[in-house]
1. Which count do you get for residues in segment 17-54 that are within 27 Å of TYR94 (Cα to Cα) and within 15 Å of the chain's Cα centre (by Cα)?
2. Looking at this structure, is ARG57 under 17 Å from the mean Cα position of the chain (by Cα), part of a helix (DSSP H, G or I), charged (D, E, K, R) and crowded, with 16+ Cβ neighbours inside 10 Å?
Amino acid sequence: MDNISFCPDLLPAEQGSPLPLNEQDPFELVGIVVPGEPGQLEAMAQALIEEYILLGRNQKQLIALFANPFFLATHRIYLQKGELYVRQLILETYARWQIPSTQKNEE
């Protein structure tokens, strides 16, 4: 039996149609900052660094990810917490995951 049959809400609607196209719509995603609880910025920084370390990124790549304004979430952390904080968190995360120091700075 098909998995979709167990989730009828995931099926496309049979009636109606999507909204008409608007020529003024730039078709761009727009992100906004949502205020959070104390400590959430630090938790997000930790999670992002862990994710990229486990994907094989080195320290130089991680710093570039945080320093580049194109990457809004990581750059916001970089601006609010500072480069020293980000560098220290990267080193702590490498240590937590027991990544050998030779892999931290590979090009």
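Nothing in this text is a laboratory measurement; each read-out follows from the coordinates by a stated rule. On a predicted model such as this, the values are computed, not experimentally measured, just so you know. So basically every Cβ, Gly included, is an ideal-geometry build from the backbone, and we count neighbours across all protein chains shown.
1. 15
2. Here the answer is no, as ARG57 does not meet what is asked.
A quick yes/no check of all residues on (1) in contact with a helix residue (DSSP H, G or I) (Cβ under 8 Å, 6 or more places away or on another chain); (2) outside any helix (DSSP H, G or I); (3) free of Cβ contacts under 8 Å to residues at least 60 places away in the same chain:
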position: PRO38; (1), (2), (3): no, yes, yes
position: ALA45; (1), (2), (3): yes, no, yes
position: GLU50; (1), (2), (3): yes, no, yes
position: LEU79; (1), (2), (3): no, no, yes
position: LEU89; (1), (2), (3): yes, no, yes
position: GLU92; (1), (2), (3): no, no, yes
